[in-house]
Amino acid sequence: MLGIFPASSASFSRKLALFSGIVSLSVFTSEIRPAESLNKIIATIGNQSISELDFDDAQDKYQKLTKYLKNEDMRKSLRTRIIDFLIDRAVVDSIAEDESIQVNEKRLESEIEKRMEFMGITSRKQFEKAVESSSGMSYELWYTELPYQIKKTQLMQYKVPNHPPSDKDIRAWYAQNREKVGFEVQYRQIAVTPANDSITEESRIHKEATEIKKNVLSDPSSFGLIAGSPRNTDANLRARKGLMDWVSSFELYKTNRSVAVALSSVPVGSISEVFRDERKRYCIVKVEGKRPTPLENVRQGIVNLLSREKEDENFIKWVRESRSTVPIQIFDDAYKKENKIPDQQETFTLD
């Protein structure tokens, strides 16, 4: 060692300290540079910042949420989509803060309790399973999304313009989904009622109903005549030759389930099998006509459906428009290039 550092002991100590400092500085510098790179600011939104660390943390969540996110432009790179995802969330946070919408742990627990009560669930584990079943995502992921969903719901009530679907949209949906809106049916019914619950009477009435079916199958045009004769023991049906005018399958199912079920599988002009209804009568029905439920009868339901489908679209559109009201600066070169944003001189790193 003395051959290397022939100077005095004090000089040797100073040189050794300087050498150690250089080594320490080089080690420190090599360690801090990756951290600076990771902590580099990608964007600032109001008083919030998005760093590379935030981006890394968001990647997994974004990938898991992708199938639930509507209106994503898949032509954009994954990095741009994740940055947009973070910017949009930051914009929502900023506006929610301005509107004094606070979502703390107490608020989250209150929301969960309210949902459990609405669902009639008292067990937290049961609630978690129900959430996973209905949402299609893990409970942990759903819980991390809950603050955003609470803010979204409140902002939609007070800030997001309501754009009801147009008449053209309503008619287009109805035309494409006639089979989904159910149908209305016009039919005739013959009902034969046992006089008592005895086996003998039941046997007699069943035989009578079977005979009637043979008659109307051999001559379908006779259905109305028999339905208007004493063989139809229901006086109300008999008075109108068994005819029940247009009624929706939904309404019929609520009032006379057995008839609705029987009619669902019978083509127009055909006659059902003999069946027993809720009043223990032996019945036969003939379908006179079927048609999709008229638009005006289901218009409000379609409006509600389309409005719910448009909620996410309207909200993300509002968020994107609200970017102009929140100060935003972008510092990510790849994002700026892809979105044709002019270069900015400022660069920031997290402390």
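The values are calculated or read from the model by the stated rules, or taken from the named source; none is laboratory data. The model shown is predicted, which means the values in this text are computed figures rather than measured ones. Heads up, the Cβs are rebuilt from the backbone with ideal geometry, glycines too, and the neighbour counts pull from every protein chain shown. Just the protein is used for accessible areas: all its heavy atoms, side chains included, with ligands, DNA and RNA removed. Shrake-Rupley method; radii C 1.70, N 1.55, O 1.52, S 1.80 Å.
Of the listed requirements (1) closer than 20 Å to E311 by Cβ; (2) part of a loop (DSSP other than H, G, I, E, B); (3) more than 19 Å from the chain's Cα centre (by Cα); (4) of a type outside the set (F, W, Y), R75 misses just one: (1). Reported count of residues in region 36-72, each being in a strand (DSSP E or B), in contact with a strand residue (DSSP E or B) (Cβ under 9 Å, 6 or more places away or on another chain) and either without any contact (Cβ under 8 Å) to a residue 24 or more places away in the chain or not hydroxyl-bearing (S, T, Y) (or both), is 6.
Looking at this structure, is F85 of a type in the set (F, W, Y), open to solvent by 60 Å² or more (accessible area, probe 1.4 Å), assigned to a helix (DSSP H, G or I) and out of contact with any Asp or Glu (no Cβ under 6 Å at 6 or more places or on another chain)? Taking the combined requirement at face value, the residue does not satisfy it. Checking E113 against (1) more than 21 Å from F315 (Cα to Cα); (2) open to solvent by less than 60 Å² (accessible area, probe 1.4 Å); (3) of a type in the set (D, E), only one condition comes out false. Which one? Only one criterion in (1) more than 21 Å from F315 (Cα to Cα); (2) open to solvent by less than 60 Å² (accessible area, probe 1.4 Å); (3) of a type in the set (D, E) is unmet by E113, namely (2). Residues in region 170-205 that are closer than 20 Å to D245 by Cα and in contact with a Pro (Cβ under 9 Å, 6 or more places away or on another chain): V181, G182, F183, E184.
Annotation note: Cβ proximity below 6 Å between a residue of region 295-311 that is free of Cβ contacts under 8 Å to residues at least 60 places away in the same chain and outside the structural domain of S248 (by the TED database) and a residue that is open to solvent by 90 Å² or more (accessible area, probe 1.4 Å) and not charged (D, E, K, R) (sequence gap 6+ or interchain) occurs for no pair. Among residues of region 320-337 that are touching a residue at least 60 places away in the same chain (Cβ under 8 Å), those with a Cβ under 9 angstrom from a residue that is open to solvent by less than 50 Å² (accessible area, probe 1.4 Å) and of a type in the set (F, W, Y), sequence gap 6+ or separate chain, pair up as D332/F55.
Highlighted here are the helices (runs of 4 or more DSSP H) found entirely within region 191-250 that include at least 1 residues which are touching a helix residue (DSSP H, G or I) at 6+ places or on another chain (Cβ under 8 Å) and β-branched (V, I, T): 199-218, 223-227.
Of the residues making up region 217-272, those that are without any contact (Cβ under 8 Å) to a residue 40 or more places away in the chain and not charged (D, E, K, R) number 27. Can you tell me how many residues within region 274-294 are within 26 Å of S198 (Cα to Cα) and touching a residue at least 24 places away in the same chain (Cβ under 8 Å)? Count: 9.
Quick check on region 343-350. Is at least one of its residues modelled with pLDDT of 90 or more and over 30 Å from D197 (Cα atoms)? Before the answer, list the steps.
Let us first name the residues in region 343-350 that are modelled with pLDDT of 90 or more, namely none.
No, the conditions are met nowhere in region 343-350.
Starting from residues that are open to solvent by 70 Å² or more (accessible area, probe 1.4 Å) and part of a loop (DSSP other than H, G, I, E, B), keep the ones in region 130-176 and report whichever is farthest from V103 (Cα to Cα). Residue satisfying both the conditions and the ranking: P164. Residues that are at pLDDT 90 or above and either within 12 Å of the chain's Cα centre (by Cα) or not in a helix (DSSP H, G or I) (or both) within region 297-324 are absent altogether.
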